[in-house]
Amino acid sequence: MLASNIRRRSLRFENLQQALEDAEIIFRAPGGYFVTGRWSAGQILDHLAFWVERPVDGFPFQLPWLMRWFGPLMKRTMLEQPMRPGFQWRGQIALLATPQLEIEAETGLAHFRRAIERFEAGPLLPRSPAFGPMSRKDWTKLQCRHAELHLSFLHPQSSP
């Protein structure tokens, strides 16, 4: 099934605390939660944490030249519009950014929480390897769009 045909929630975050609160609410849902898509809840949250850490710790890879060239042209769209599901990294980036192992949901949530704390407390890189110059507001918007995409695959179970 194509990622675009999978059931998802409609989300919009203004800051990363809202994304964290959404994840915590899902985990506290009275009937539990379920996931649509290919990744587990732990993998989703660990993936989000990995990317939240990038503007703090740096990028341990170089993006393909095509992405570096088109990135600045797509920056506004990426910061303002919802991200579409289905994008897949290749090569070294895929090994770093795509979940390779199962991760417990609580472990992923704790990693996401710590990453957000560090993101909010520390200085951020002034440039994105894909989008060029980035302010704190830009980084926050990008992280929120990314969290909206992935957290949209987590759903609270309906109560009986």
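The values are calculated or read from the model by the stated rules, or taken from the named source; none is laboratory data. Note that the coordinates shown come from a computational prediction; the quantities given were computed from them, not determined experimentally. Note: ideal-geometry Cβ built from the backbone for every residue, glycine included; neighbour counts use all protein chains shown.
Quick notes on this one:
- Only listed residue being in contact with a His (Cβ under 8 Å, 6 or more places away or on another chain), surrounded by 14 or more Cβ atoms within 10 Å (Cβ to Cβ) and modelled with pLDDT of 95 or more, chosen from H150, H155, H146: H150
- Subset of the range 120-160 (residues that are among the basic types (K, R) and closer than 16 Å to V56 by Cα): R127, R136, K137, K141
- Qualifying residue in the range 54-69 (condition: of a type in the set (A, V, I, L, M), assigned to a helix (DSSP H, G or I), more than 20 Å from P133 (Cα to Cα) and at pLDDT below 95): no
- Flag for L2 being of a type in the set (A, V, I, L, M) and at pLDDT 90 or above: no
Yes/no per residue for (1) surrounded by fewer than 13 Cβ atoms within 10 Å (Cβ to Cβ); (2) more than 15 Å from L142 (Cβ to Cβ); (3) free of Cβ contacts under 8 Å to residues at least 40 places away in the same chain; (4) in contact with a Lys or Arg (Cβ under 9 Å, 6 or more places away or on another chain):
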| residue | (1), (2), (3), (4) |
| --- | --- |
| A19 | no, no, no, no |
| G32 | yes, yes, no, no |
| G37 | no, yes, no, yes |
| Q62 | yes, yes, no, yes |
| L66 | yes, yes, yes, no |
| M74 | no, no, no, no |
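- Exactly one residue out of G37, G71, G42, G58 is in contact with a helix residue (DSSP H, G or I) (Cβ under 6 Å, 6 or more places away or on another chain) and not aromatic (F, W, Y), and it is G42.
- So P85, is it under 26 Å from G32 (Cα atoms), modelled with pLDDT of 85 or more and surrounded by 11 or more Cβ atoms within 10 Å (Cβ to Cβ): yes
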